[in-house]
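Trainee: Sending over a structure as structure tokens; questions will come in a sec.
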Amino acid sequence: MIDQTRRHAALRALLKNSTSAGRDANDSKASWYKIIYNEADPEDVAEIFIYDEIGYFGCSAQDFAAALTQIKAKTINVRLNSPGGSVFDGMAIYRALERHSAQVIMHVDGWAASIASVIMCAGDVINIAENAYVMIHQPWSFAMGTAEDMRAEADVLDGLQESIEGIYVDRTAGDVKEIHKWVMAETWFKGKEAVDAGFADNVIPNKKKPAPAAKFDTEFFASIYNLPSELEKALHAVAKAAAKKPRGSGDDLVDKNNEQSVAEKPFNFTEATPRESEAFLREHGATRKQATDIVVNNFKAINPRDEDAIAKEEQSARDEQTKRLADEKSRDETIKAIERLINVAAIRQAAVPK
């Protein structure tokens, strides 16, 4: 038999330092539930842990409901990891949570089995871990006595099963016959299966290992494009320097070398302008600074004819602008000269005796 006292002591130790301003509703005794909230701040979020069997040797549903009424928070997180337990205690807990004014968010951390799955249905929102389970089955009991006693107990179980299935149907909006079939078969729903069946709303994914910092694949570029030797050397130098930097330094080259997308965009460095080359390098993984440095430091050696062409184009544009300004100035001076002649003629006309 599992040492219940030791299990509850471990849980108390786990939650002990969760909040200095909060109050533990169960400091005085071990139980199958734990409520932690900040009574000084009604806006604070309350946490309820049901990490054990429900009822039986723990506190009663009456104790749970009494503690629940003390919570004034607007949000209550209920965390479930329970194999179930007393059907009647579970039903009472379900109703207590259902009628509380707070938004109740259920979190299935491990499993919500048997009557714990009914308590779970009291949530306004139900989240389930990717590898957690919901299990539903027929209620069971034991009885001693006459045949009439046994038949009476069976009638009680039938009534309980009907009530439980009704809660499942209401929460999942599922088909009555399908829910009944699942209950009769003892059905387990893992993570996404619980969402698909309507027993949960969201799957909480497992924590993933952070992806390693990718590298700018110079070899790949060399295999796809006929790179000028100066550019290939520059890319190798940048990639080597980036490999020595710690991850997250901000200057890492990002690997975006998808062969299909690159193949769809053929590129020739020897015919491209500096701006086009810089845009291409950035599109395929280089940062703005890296692309700029590569082009500024290597482009003249790689493609001097393009530089000359660009210089000629810029000079031609400057010459054209100078000519346009000169023409505008000449036109303005001509207009002003005509205006002066008109004024002089008018003055002379006025001076002639009549």
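The values are calculated or read from the model by the stated rules, or taken from the named source; none is laboratory data. Here the structure is a predicted model, which is why all the values come from computation and not from measurement. Glycine gets a Cβ as well: all are built from the backbone with ideal geometry, and neighbour counts include every protein chain shown.
Trainee: Anything in segment 179-210 that is touching a residue at least 24 places away in the same chain (Cβ under 8 Å), part of a loop (DSSP other than H, G, I, E, B) and basic (Lys, Arg)? List them, or say none.
Mentor: The answer is none; no residue qualifies.
Trainee: Tally up the residues in segment 139-194 that are basic (Lys, Arg) and either under 19 Å from GLY123 (Cβ atoms) or not assigned by TED's automatic domain parsing to the domain that holds GLY90 (or both), please.
Mentor: 3
Trainee: Going by the structure shown, is GLN321 surrounded by 10 or more Cβ atoms within 10 Å (Cβ to Cβ), part of a helix (DSSP H, G or I) and at pLDDT 75 or above?
Mentor: Yes.
Trainee: PHE49: part of a helix (DSSP H, G or I), at pLDDT 50 or above and either among the aromatic types (Phe, Trp, Tyr) or within 20 Å of ILE126 (Cβ to Cβ) (or both), yes or no?
Mentor: It is false that PHE49 is part of a helix (DSSP H, G or I), at pLDDT 50 or above and either among the aromatic types (Phe, Trp, Tyr) or within 20 Å of ILE126 (Cβ to Cβ) (or both).
Trainee: I'd like to verify a number: residues in segment 105-145 that are in contact with a Ser or Thr (Cβ under 7 Å, 6 or more places away or on another chain) and part of a loop (DSSP other than H, G, I, E, B), how many?
Mentor: 1
Condition check ((1) over 30 Å from the mean Cα position of the chain (by Cα); (2) buried (at least 23 other Cβ atoms within 10 Å of the Cβ)) across all residues:
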residue	(1), (2)
HIS100	no, no
SER117	no, yes
ASN127	no, no
ASN131	no, no
MET135	no, no
GLN138	yes, no
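Trainee: Being more than 32 Å from the chain's Cα centre (by Cα) and hydroxyl-bearing (Ser, Thr, Tyr) is the filter; apply it to segment 64-96 and report the residue that is surrounded by the fewest Cβ atoms within 10 Å (Cβ to Cβ).
Mentor: THR69
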